[in-house]
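The values are calculated or read from the model by the stated rules, or taken from the named source; none is laboratory data. Note that the coordinates shown come from a computational prediction; the quantities given were computed from them, not determined experimentally. Cβ: placed from backbone, ideal geometry, glycine included. Neighbour counts: every protein chain shown. SASA here: full protein model, heavy atoms, side chains in, ligands and nucleic acids out. Shrake-Rupley method; radii C 1.70, N 1.55, O 1.52, S 1.80 Å.
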Amino acid sequence: MKMNEPLFVLRKLKKSFGDREIFDIPYLELLQGKIYAIVGPNGSGKTTILRILNALERPTSGKVFFKGEDLHNSSDVLNLQREMTMVMQNPYLFNTTVYKNVAYGLKVRNLDKKDIKRKVEETLELVGLAHIKERKVTNLSGGEVQRVAIARGLVINPEVLLLDEPTANVDQVNIKLIEEIVLTIKEEKDTTIIMTTHNPTQAYLLADKVFSIMNKSITETYYENIFQGEVRRANGTKIFSKNNIEICLVSDRIGKAIISIDPRDIIISPTPFDSSARNSYRGTIKEISEIRDQVKVVVDAGLDFTVMVTKESCVEMALMIGSEVFVTFKASSVQVY
Amino acid sequence: MFLITEGLKKAFELIYSLDPEVLSVVLVSVKVSLTATLVATLVGVPLGFAIGINEFRGKKVITILLNTLMAIPTVVVGLTVYAFISRQGPLGSLGLLFSPSAIIIGDIILGTPIITAFTLSAVQGIDKRIHTTATTLGATKFQVAGTVLAEARFGVFAAVIAGFGRVIAEVGSAIMLGGNIKGYSRTITTAIALETSKGEFGFGIALGIILLTVAFSINILFHHFQRKQG
């Protein structure tokens, strides 16, 4: 692979099941060593994208290039496939011990026993399961199953790790553990991770880049502040209304619509913010949480607006739960679907 | 009542003294059944596996046919094989009639459909994710197939045990094809049939007990092996 060449290039990629079109991606590049998160509702085709990237499924039309090679038409699919692995949302563990499950990928690659043992033990250590390596998989909790599956993928040391909803079926403690595992991989290895999640906060926490699947296409807009309502014409502008809140926006569409507002485009201020922005609302803070070096603030202003601010400005403005604030954003920051 | 108690007494005497005639009958039976089960397994497991994992036209018909063959009366198999290997039959020159080999041929025909059908249903019943999981972890097509078979192993073991059960217990074709020749082609079941008709209840009951014991021991062996694999 040439330097700076993207790891994956998706060209005119379309997938349909029968008459139903799942997605249509004109062009997308994914770079080596980055963590990508794909956010979208159930049934939006997140899993299908991962399966296509892993050559487990063929696209209806279009091509995926992996390291410059046409993945689905390569004469050497096996070896391309062996550079990546996918951890399913509901992982299947082979009916044997934890150790043998993790060793599987190395065994099929014909590594010798000593190497297998060393690598499996290292990886089990990383996911915090070294103490149960001899246990039968039938006696594991949901979170442990997910971690065994992640270890089984990681042990291969793949260039690409595809994680399908890694925390969808696990408890709070394991969600934290799995998120930490992903962050550790990010720090210690050069693995490219492409994960799907329906939790935007998690996507933002873990990924370098967050994509969302909306209306059959993949965009880089933030999958947050999503509202369903109606757009109507009023005084020469377009107004979206929901819960008696009216939002000015720029769009040709009239009628039922879904809108989203990138939380980084919303300004939060203790007093009314003097600007040309068309949308400004008063509300109270109902949630504050830290995500890496940012702070996520949820403001109830009739609708719940999620806003991202830096730690510094959060301290400066003395934002606290219950504080009265104003949220302000431009009409052009509103995406309409 | 007297018959039964006398029979049981005789049975224990024969077993306890390791009667040479009883021993010979047991050995023929075990040898014939194990050989037939082995061959039926070598044919039936791959066949059942191939039918199970592939989708093709006529799969339903084959499945129904296999299920029908599982219920085929042993005398019908005996008759058919007889027709082939008797002196006037197409394979008559091989001189197989009234030999342990003839019983084995009959038993293979009886055991194979059972092992095939049970393997087929075991493979069809396994989790569809196994295939994807093995593939995404880098397995070759051949390794994927091996993994699917390994995950279906409990069902496959059950198939082999069922096949063994059918052949060791069957009597119709063994009598027709083996000829029940003392010390040569006499099996436990054919001996029981003969001795009972002669009024030798003790001998019959002794063999009945032995048959159950042999079946039980072999099942324990299978079970142990299966547990070790699990």
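Yes or no: residue B:121 polar (S, T, N, Q), away from chain A (no Cβ under 14 Å) and either in contact (Cβ under 8 Å) with a residue 12 or more places away in the chain or not in a helix (DSSP H, G or I) (or both)? Spell out how you get there, then give the answer.
Details: polar (S, T, N, Q): yes; away from chain A (no Cβ under 14 Å): yes; either in contact (Cβ under 8 Å) with a residue 12 or more places away in the chain or not in a helix (DSSP H, G or I) (or both): yes.
Answer is yes for this residue.
Restricting segment A:47-63 to residues that are open to solvent by less than 40 Å² (accessible area, probe 1.4 Å) and of a type in the set (Val, Ile, Thr), which is nearest to the chain's Cα centre (by Cα)?
A:49
When the residues of segment A:310-324 are narrowed to those that are of a type in the set (A, V, I, L, M) and surrounded by 13 or more Cβ atoms within 10 Å (Cβ to Cβ), which ends up nearest to residue A:272 (Cα to Cα)? Please lay out each step first, then the result.
Just the residues of segment A:310-324 that are of a type in the set (A, V, I, L, M), to begin with: A:315, A:317-321.
Cutting the leftovers down to surrounded by 13 or more Cβ atoms within 10 Å (Cβ to Cβ) gives us A:317, A:319.
On the way: A:317: 13, A:319: 15 Å.
It comes out as A:317.
Given the residues A:307, A:327, which is the only one that is surrounded by 17 or more Cβ atoms within 10 Å (Cβ to Cβ), modelled with pLDDT of 90 or more and closer than 27 Å to residue A:218 by Cα? Quick ask: steps written out before the conclusion?
Working: A:327 fails: closer than 27 Å to residue A:218 by Cα.
Among A:307, A:327, only A:307 is surrounded by 17 or more Cβ atoms within 10 Å (Cβ to Cβ), modelled with pLDDT of 90 or more and closer than 27 Å to residue A:218 by Cα.
Name, by its number, the condition in (1) farther than 15 Å from residue B:177 by Cβ; (2) over 20 Å from the mean Cα position of the chain (by Cα); (3) part of a helix (DSSP H, G or I); (4) away from chain A (no Cβ under 14 Å) that does not hold for residue B:112.
In the conditions (1) farther than 15 Å from residue B:177 by Cβ; (2) over 20 Å from the mean Cα position of the chain (by Cα); (3) part of a helix (DSSP H, G or I); (4) away from chain A (no Cβ under 14 Å), residue B:112 misses (2) alone.
When you scan segment A:64-91, how many residues do you find that are in contact with a Ser or Thr (Cβ under 9 Å, 6 or more places away or on another chain), within 10 Å of chain B (Cβ to nearest Cβ) and surrounded by 20 or more Cβ atoms within 10 Å (Cβ to Cβ)? Spell out the reasoning first.
Pass one, segment A:64-91, residues in contact with a Ser or Thr (Cβ under 9 Å, 6 or more places away or on another chain): A:66, A:78, A:80-81, A:84-89, A:91.
Subsequent filtering for residues that are within 10 Å of chain B (Cβ to nearest Cβ) retains A:78, A:81, A:84-88, A:91.
Filter again for surrounded by 20 or more Cβ atoms within 10 Å (Cβ to Cβ), leaving A:81, A:84-88, A:91.
The number of residues fulfilling the criteria is 7.
Under 9 Å between Cβ atoms, at least 6 apart or on separate chains: pull out the pairs that start in segment B:164-192 with a residue that is at negative phi and end on any residue that is surrounded by fewer than 21 Cβ atoms within 10 Å (Cβ to Cβ) and basic (Lys, Arg).
B:191/B:182
If you scan segment B:15-33, which residues turn out to be closer than 16 Å to residue B:183 by Cα, touching a helix residue (DSSP H, G or I) at 6+ places or on another chain (Cβ under 6 Å) and of a type outside the set (Val, Ile, Thr)?
Within segment B:15-33, just B:29 meets the criteria.
I'd like the full set of residues that are surrounded by 15 or more Cβ atoms within 10 Å (Cβ to Cβ), more than 20 Å from the chain's Cα centre (by Cα) and within 20 Å of residue A:299 (Cβ to Cβ), limited to segment A:217-241.
Of everything in segment A:217-241, those that are surrounded by 15 or more Cβ atoms within 10 Å (Cβ to Cβ), more than 20 Å from the chain's Cα centre (by Cα) and within 20 Å of residue A:299 (Cβ to Cβ) turn out to be A:229, A:240.
State yes or no: is residue B:89 away from every other protein chain (no Cβ under 14 Å), modelled with pLDDT under 95 and open to solvent by less than 20 Å² (accessible area, probe 1.4 Å)?
Values: away from every other protein chain (no Cβ under 14 Å): yes; modelled with pLDDT under 95: yes; open to solvent by less than 20 Å² (accessible area, probe 1.4 Å): yes.
Answer is yes for this residue.
Please enumerate the residues belonging to segment A:242-269 that are assigned to a strand (DSSP E or B), exposed (fewer than 14 other Cβ atoms within 10 Å of the Cβ) and not charged (D, E, K, R). Steps first, please.
So the first thing to find is which residues in segment A:242-269 are assigned to a strand (DSSP E or B), and the list is A:242, A:245-249, A:255-261, A:267-269.
Filter once more, keeping what is exposed (fewer than 14 other Cβ atoms within 10 Å of the Cβ): A:255-256.
Result: A:255, single match.
Report, by residue number, each residue of segment A:153-180 that is without any contact (Cβ under 8 Å) to a residue 60 or more places away in the chain and either under 15 Å from residue A:85 (Cβ atoms) or within 14 Å of chain B (Cβ to nearest Cβ) (or both). Break it down stepwise before answering.
Taking segment A:153-180 and keeping what is without any contact (Cβ under 8 Å) to a residue 60 or more places away in the chain, we get A:154-155, A:157, A:167, A:170-180.
Those that are without any contact (Cβ under 8 Å) to a residue 60 or more places away in the chain and either under 15 Å from residue A:85 (Cβ atoms) or within 14 Å of chain B (Cβ to nearest Cβ) (or both): A:154, A:155, A:157.
Taking segment B:124-143, which residues are within 7 Å of another protein chain (Cβ to nearest Cβ), polar (S, T, N, Q) and under 22 Å from residue B:59 (Cβ atoms)? Don't jump to the end; show me each part of the working.
Residues of segment B:124-143 within 7 Å of another protein chain (Cβ to nearest Cβ): B:127, B:129-130, B:132-133, B:135-140, B:143.
This time we only want the ones that are polar (S, T, N, Q), so: B:132-133, B:135-136, B:140, B:143.
Matches in segment B:124-143: B:132 only.
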